[in-house]
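The structure under discussion appears below in the form of C-alpha cells.
The values are calculated or read from the model by the stated rules, or taken from the named source; none is laboratory data. Please read all numbers here as calculations on a predicted model, not as lab measurements. Virtual Cβ from ideal backbone geometry, glycine too; neighbours counted across all protein chains shown.
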Amino acid sequence: MRFTTEIAPLDLDQTLGCGQTFRWRQQPDGSWLGPLEDCLIGLRQNGARLLIEARPSGSERSAKRLVRTHLRAEDDVVKVQRVLARDPVLAAGIPRVTGLRIVKIDSWECLCSFTLATYANIPRISKMIETLAQRFGHNIVEGVSAFPSLSELSRATVNELSDCGLGYRARYIHDLCRSVDSRKLRRMESLEYDDLRSELMDLPGVGDKVADCVALFGFGKLESFPIDVWIERALARLFRQRGSYRKLRKFATDRWGPYAGYAQEYLYYNERARASTGACLFTE
DNA sequence: GCCCAGGAGTGTG
DNA sequence: CACACTCATGGG
C-alpha cells in the first residue's frame, strides 16, 4: 500500500542522513528504508509530498501517523528559523538547511541508542543497534526487526550483549534495563526539561551529553542542546566559546533559548558537512 | 597498523 | 570544579 502526506519544509536526505538517527538506510534508488515501531517504512520525497510505503500489509493505517510523529510534522520550523536567523552567525547558513528537521525517536530506543553512542563512530553505532534488533527484537518483515522493547532486552545477559559488539557499553545497557521500567519511562514523558535531564543523568551510562540527546530526540525537548565533539568545535570556531559542558550549555541556552535544539542540529550538520566536503554554511 | 570515535565513571588535586 | 585516566572495540 502506497500513500502520501505533506510535510514542509522537508529535506529527507538531510534529516535522515545527518546522523541523528541510526536505523534509516538510503536505497540505491535514493529512497529511505527504516523501521518505526512495528512497521517497515519506505520514504521517498517529491517536493513537499512524501511518498510512504508500509509493511507488513495491515499496518498502513498507523504508518502515516508514525511518519508524521517521527519527522515532527507539526513543528513550526519556519518560525524556528525566523527566530534563529536573527543570530548573525546562523543567519547566512539557515537558508541551506530549511528542510533539516529534528526527529522524534521512541524514548527507550533513543535512550539505548545514545548510551551506545559513547566513544564510537556512527557506522559502528548503527551496527550495534542493528545487531541488538536482530538478536533480541521481534521480527517485522523478513530480515528486519524492531528495536527490542525493555522486556525483550532485559532478557539479554552481559555476555550476550558483549557478543553484539558493544564493548564496555554492554554493562551500561544491562544496567539500564534494570534501572528503568515502562512506568518510569511513561512518567518521565510528563517532566519538564530540567527534571527530565537530572533523572536521565541518574541512569547508568548517561552523562551530560547522552541526557541531552535523549531529552531532545527521545522526549522532544527542543530547548535541549547536546554538546559532543562536533558541537564543541563549532562553538569554539564560530563563537569563541570554550570550557566545561555546563558553561557551554549556558551559552547556548542564553543565546537560543527554546530553539537551542534546532540550533544544535544546524551546527552539527554544518560541522560534519564541513569535515567531509569542506562546505561551510555559517560564517565566523 | 594506526587513529579515533555524537563520553561516562571514577579518582585525585 | 577541573583535570587525568581508564574503559573495549571496530570502522575509516
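Worth a mention:
- Looking across segment A:13-26, the residues that are in contact (Cβ under 8 Å) with a residue 60 or more places away in the chain and under 13 Å from A:Val97 (Cβ atoms) come down to A:Gln14, A:Thr15, A:Cys18, A:Gln20.
- Residues that are basic (Lys, Arg), within 25 Å of A:Pro226 (Cα to Cα) and in contact (Cβ under 8 Å) with a residue 12 or more places away in the chain do occur in segment A:100-107, at least one of them.
- Residues (part of a helix (DSSP H, G or I), more than 9 Å from DNA strand C (Cβ to nearest atom) and not aliphatic (A, V, I, L, M)) located in segment A:103-130: A:Ser107, A:Trp108, A:Glu109, A:Cys110, A:Cys112, A:Ser113, A:Phe114, A:Thr115, A:Glu130
- Every condition in (1) under 29 Å from A:Gly257 (Cβ atoms); (2) over 21 Å from the mean Cα position of the chain (by Cα) is met by A:Ser57 except one, and the failing one is (1).
- Conditions (1) on the phi > 0 side of the Ramachandran plot; (2) within 12 Å of DNA strand B (Cβ to nearest atom); number of the one not met by A:Leu235: (1)
- Strands (runs of 3 or more DSSP E) fully within segment A:1-78 counting 1 or more residues that are under 25 Å from A:Thr115 (Cβ atoms): A:32-36, A:39-46
- Complete set of residues in segment A:204-230 that are within 7 Å of DNA strand B (Cβ to nearest atom) and more than 15 Å from A:Arg249 (Cα to Cα): A:Pro204, A:Gly205, A:Val206
- First in segment A:222-245 and over 11 Å from A:Leu267 (Cβ atoms) and outside any loop (DSSP other than H, G, I, E, B), second anywhere and within 9 Å of DNA strand B (Cβ to nearest atom) and not small (Gly, Ala, Ser), Cβ under 8 Å, 6 or more apart: A:Tyr245/A:Asp208; A:Tyr245/A:Lys209; A:Tyr245/A:Ile227
- Residue in segment A:59-66 that is surrounded by fewer than 21 Cβ atoms within 10 Å (Cβ to Cβ), touching a helix residue (DSSP H, G or I) at 6+ places or on another chain (Cβ under 7 Å) and either in contact (Cβ under 8 Å) with a residue 24 or more places away in the chain or under 23 Å from A:Pro35 (Cα atoms) (or both) present: no
- Sole residue being of a type in the set (Gly, Ala, Ser) and outside the structural domain of A:Leu185 (by TED's automatic domain parsing), chosen from A:Ala234, A:Ala211: A:Ala234
- Complete set of residues in segment A:148-170 that are in a helix (DSSP H, G or I) and within 26 Å of A:Ser224 (Cβ to Cβ): A:Leu150, A:Leu153, A:Arg169
- Residue-level check: of (1) within 16 Å of DNA strand C (Cβ to nearest atom); (2) part of a helix (DSSP H, G or I), A:Glu199 misses just (1).
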